[in-house]
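Novice: Structure in structure tokens, see below.
The values are calculated or read from the model by the stated rules, or taken from the named source; none is laboratory data. Bear in mind that the values here come from a model prediction, so they are computed numbers and not experimental data. Cβ placement follows ideal geometry from the backbone for every residue including glycine, while neighbour counts extend to all protein chains displayed.
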Amino acid sequence: MPIRNMKTIPIQQIVPLLVGCFLATASPLEAQDEKPVDRVTAKEGKTVVIRGSEQVALEKEVTFSGDIKVLTNALFKVKEGRERTLKEGQVLSAEGTILNSDGSLMPVFDHVVMKNGRVVVVQDGEPTSLDGEMTLADGTRVLADGTVTSHEGTRRKLLDGQMLKLEGGQIPAQDTILLKDGKVYVQKDGSTLEVLPGRTVMMNNGTKVFSDGSVLMRDGKRVTLVEGQVHTIEGVVTRR
């Protein structure tokens, strides 16, 4: 039987209708282009993603390298460890480091660090001074005075700022240079200090820092920090 009174709809009208139906049924995450998350901070108890000068709320849990789970409520945890609070002003990177508001850097992974001549063991973010001796997973022995004996019997002494993984092996140290409230601060050898007016500080990798916020890199390049900018460089030179 012939179909009567049937109207033909132009293709120009059909395409917008189909697109509209797709967007109506797609979830917000499916309908928008998701960008990778590489830095987060905390704001009023919420996790905020930093992308350049833009900050947007984290909508769902993300996982950084090293099995770092970042939640939407300013909490994170490493592997099966306890949940930790990301404080306002702290920045957690996808590589597993926390940048504090004073410009200091620290890894979120369990580690051993030499600080002010003492060995400190950090587990789940909690630091504890080493009183006796501990043995790392690879057989390396660490004493409270910083003496390290490898499983092969080689002995050496940790320098301030040097870090070891609890499973064995070193964590590359990083130093920072920060311009905050018109003052220059550096993290060097695991400690943070102010570059006093008219003074300079020579960093471990040969970078020279001036109190006016200018930085002379070891390759001769000169940069000038802006307020709030943190410049990261190679820290104390580690050796096995």
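Novice: Listed residues THR135, THR200, THR207; which is surrounded by 12 or more Cβ atoms within 10 Å (Cβ to Cβ), touching a Lys or Arg at 6+ places or on another chain (Cβ under 8 Å) and farther than 26 Å from GLN229 by Cβ?
Specialist: Selected residue: THR135, the only one of THR135, THR200, THR207 that is surrounded by 12 or more Cβ atoms within 10 Å (Cβ to Cβ), touching a Lys or Arg at 6+ places or on another chain (Cβ under 8 Å) and farther than 26 Å from GLN229 by Cβ.
Novice: Of the residues VAL122, VAL195, VAL113, only one is without any contact (Cβ under 8 Å) to a residue 24 or more places away in the chain, outside the structural domain of GLY81 (by TED's automatic domain parsing), within 30 Å of GLY66 (Cα to Cα) and surrounded by 16 or more Cβ atoms within 10 Å (Cβ to Cβ); which?
Specialist: On the way: VAL195 fails: within 30 Å of GLY66 (Cα to Cα); VAL113 fails: without any contact (Cβ under 8 Å) to a residue 24 or more places away in the chain.
Going through VAL122, VAL195, VAL113 in turn, just one is without any contact (Cβ under 8 Å) to a residue 24 or more places away in the chain, outside the structural domain of GLY81 (by TED's automatic domain parsing), within 30 Å of GLY66 (Cα to Cα) and surrounded by 16 or more Cβ atoms within 10 Å (Cβ to Cβ): VAL122.
Novice: Which ones in the stretch 45-93 are in a loop (DSSP other than H, G, I, E, B) and without any contact (Cβ under 8 Å) to a residue 12 or more places away in the chain?
Specialist: Here is the first cut: in the stretch 45-93, the ones in a loop (DSSP other than H, G, I, E, B) are 45, 52-53, 58-61, 65-67, 71-74, 79-83, 86-90.
Matches in the stretch 45-93: GLY52, SER53, GLU61, GLU80.
Novice: Does HIS231 satisfy the criteria of being surrounded by 16 or more Cβ atoms within 10 Å (Cβ to Cβ) and over 13 Å from VAL112 (Cβ atoms)?
Specialist: Details: surrounded by 16 or more Cβ atoms within 10 Å (Cβ to Cβ): yes; over 13 Å from VAL112 (Cβ atoms): yes.
When the stated conditions are applied, HIS231 passes them.
Novice: Which condition number in (1) modelled with pLDDT under 95; (2) over 23 Å from VAL195 (Cβ atoms); (3) of a type in the set (Ser, Thr, Tyr) is the one that THR97 fails?
Specialist: (2)
Novice: Somewhere in the stretch 57-75, is a residue at pLDDT 95 or above, among the hydroxyl-bearing types (Ser, Thr, Tyr), touching a Leu at 6+ places or on another chain (Cβ under 7 Å) and within 22 Å of VAL230 (Cα to Cα)?
Specialist: Scanning the stretch 57-75, I find no residue that is at pLDDT 95 or above, among the hydroxyl-bearing types (Ser, Thr, Tyr), touching a Leu at 6+ places or on another chain (Cβ under 7 Å) and within 22 Å of VAL230 (Cα to Cα), so the answer is no.
Novice: Another question, then. Just to be sure before I move on: is VAL142 within 23 Å of the chain's Cα centre (by Cα), assigned to a strand (DSSP E or B) and farther than 19 Å from ASN100 by Cα in the structure I sent?
Specialist: On the way: within 23 Å of the chain's Cα centre (by Cα): no; assigned to a strand (DSSP E or B): yes; farther than 19 Å from ASN100 by Cα: yes.
Against the criterion (within 23 Å of the chain's Cα centre (by Cα), assigned to a strand (DSSP E or B) and farther than 19 Å from ASN100 by Cα), VAL142 does not qualify.
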